[in-house]
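Note sheet for the following structure.
The values are calculated or read from the model by the stated rules, or taken from the named source; none is laboratory data. All values reported here derive from a predicted model rather than from experimental measurement. Cβ atoms come from the backbone with ideal geometry, glycine included; neighbour counts cover every protein chain shown. In case anyone asks, the SASA skips ligands and DNA or RNA and just uses the protein heavy atoms, side chains included. Shrake-Rupley method; radii C 1.70, N 1.55, O 1.52, S 1.80 Å.
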Amino acid sequence: MKINEIDFDTYLKDYPDSLGFYGRYGGSYIPDELKNAMKEIYDAYKTICKSSKFISELRRIRKEFQGRPTPISHLERLSKQIGNGVQIYVKREDLNHTGAHKLNHCMGEALLAKYMGKKKIIAETGAGQHGVALATAAAYFGLECDIYMGAVDIKKQAPNVARMKILGARVIEVNDGLKTLKEAVDAAFAAYLKEYKDSLYAIGSVVGPHPFPMMVRDFQSVVGIEAREQFLDMTGELPDAVVACVGGGSNAMGIFSGFLNDKVDIYGIEPLGRGIKIGDHAASLTYGSEGIMHGFNSIMLKDKDGNPAPVYSIASGLDYPSSGPEHAFLKDIGRVKYDAIGDDETIDAFFKLSRLEGIIPALESAHAVAYAIKLAKKMNKGSILVNLSGRGDKDMDYVIEKYGDKYLQ
């Protein structure tokens with residue numbers, strides 16, 4: 001399929017199709033015993049997403065509990081340092097309650113679980129942002145909450161682990177494989193297989209079997225809707241480019257959805273980590289090939305046997321060997337450009353944003369900031385809007401330990 005065959009006026013209604021496919025990506029490749037559970041979730045979602053009562057309740061929660069809308073900030077000092085007139089702006093999802101975009105879909109998923117009569121929500125987390133958001137939603141709605149997290153990420157993200165426990169969630173350490181996000185997803189899926197009658201698996205990104213990529217995108221689309229309106233109000237025009245980091249890709253699909261029908265360049269930025277060797281990065285869209293994992297077909301990084309490859313990223317929320325199926329589709333049709341940025345540039349952007357603008361970004365978000373700086377240097381004029389998907393409180397201990405000698409004199 002080619003980009004000129006897509007009607008972006010109706011894109012969000014047309015994609016995915018009834019089977020959950022974006023072109024050839026997506027779908028639902030799951031055990032037979034879960035098919036009825038997925039159908040139950042899909043039917044419930046399609047019912048309540050058209051319900052004025054549900055929509056009204058979600059809007060109230062966003063305003064009164066989450067603190068939405070989040071603002072856009074002009075990075076005036078950073079833009080001035082680049083020095084060619086290009087202006088960088090950030091959508092401040094770090095100011096969303098719990099410090100990241102994740103609460104946007106977690107409150108929606110928990111509200112759906114409540115509507116369905118479920119008693120527990122189950123999830124995986126990498127950086128801990130999704131885990132904290134879901135633990136928050138569970139506390140808000142009075143639900144039990146089990147969060148599966150790799151042992152490596154538990155060590156890196158101690159502040160978020162503490163938050164989840166304080167909020168009443170049970171954090172379950174995963175020690176299989178590389179002990180990171182992929183293994184956490186495996187463990188959470190296995191637990192859900194045993195408990196799906198009384199539980200809802202609240203997937204943390206635009207990944208997994210249908211209807212989760214669609215549901216999470218829809219809940220996150222509030223970011224793009226707000227950002228488009230705010231940017232027009234601030235500047236009188238749309239940005240020339242929109243940039244977001246991509247692991248699974250929820251924050252990116254959230255902001256991208258607001259600009260797909262506009263003459264705006266859109267960039268999804270993956271983690272290049274330490275380099276292009278397998279095991280040194282997690283840039284699946286850049287270096288991967290088509291494959292099925294965790295119930296969906298997308299672009300994934302594979303080892304020599306065709307299995308999910310080991311991955312690495314300085315950002316725990318990006319170290320996943322695949323990406324959401326909608327990202328694979330948008331890459332194929334050429335609507336979104338995907339690129340990758342390494343650890344060194346990411347850390348440099350982390351400190352630049354902190355010291356020039358007083359904003360400490362999550363390491364995930366710092367990938368997008370780093371690419372925006374790189375892109376701005378290539379542009380002669382115009383503006384760039386970055387989705388600052390989360391704040392860096394969770395990363396400070398790790399950054400100080402690993403990079404303090406260089407940056408903290």
Using a probe radius of 1.4 Å on heavy atoms only, what accessible surface per residue do you get for segment 229-360? Whole Å² is fine. 33 Å²
Over the C-alpha atoms of segment 331-409, what are the Rg and the largest Cα-to-Cα span, Dmax, in Å? 13.8, 47
Using only helices, what value at 222 nm comes out for the chain when you add -39,500 (n - 2.57) per DSSP H run of length 4 or more and divide by the total residues, to the nearest 500 deg cm²/dmol? -13500 deg cm²/dmol
How many angstrom separate the Cα center of segment 173-211 from the Cα center of segment 90-107? 22 Å
How much length is gained if the chain between THR10 and LEU193 is pulled fully straight, taking 0.36 nm per residue apart and subtracting their Cα-Cα distance, in nm to one decimal? 62.4 nm
Can you divide the C-alpha Rg of the chain by 2.2 N^0.38 Å and report the result to two decimal places? 0.90
Heavy atoms of SER18: accessible area, 1.4 Å probe, square angstrom to 10: 90 Å²
Can you check what the net charge comes to around ARG170, using other residues whose Cβ is under 11 Å from the Cβ of ARG170 (Lys, Arg +1; Asp, Glu -1)? -1
Pairs LYS155/LYS194; LYS182/LYS352; LYS2/LYS337; LYS35/LYS304; LYS46/LYS337; LYS277/LYS352: which are spaced more than 23 Å apart, C-alpha to C-alpha? LYS155/LYS194; LYS182/LYS352; LYS35/LYS304; LYS46/LYS337; LYS277/LYS352
Under-5 Å amide H pairs with GLY150, H placed in peptide plane, nonlocal only: THR125, VAL174, ALA184
Given a 1.4 angstrom probe, I'd like the percentage of the accessible area of the chain that is carbon and sulfur, rounded to a whole number. 49 percent
Counting sequence-distant residues (5 or more places) and residues on other chains, those with an amide H built under 5 Å from that of SER313 are none
Ordering ARG217, ARG92, ARG355 from largest to smallest accessible area (1.4 angstrom probe), what's the sequence? ARG355, ARG92, ARG217
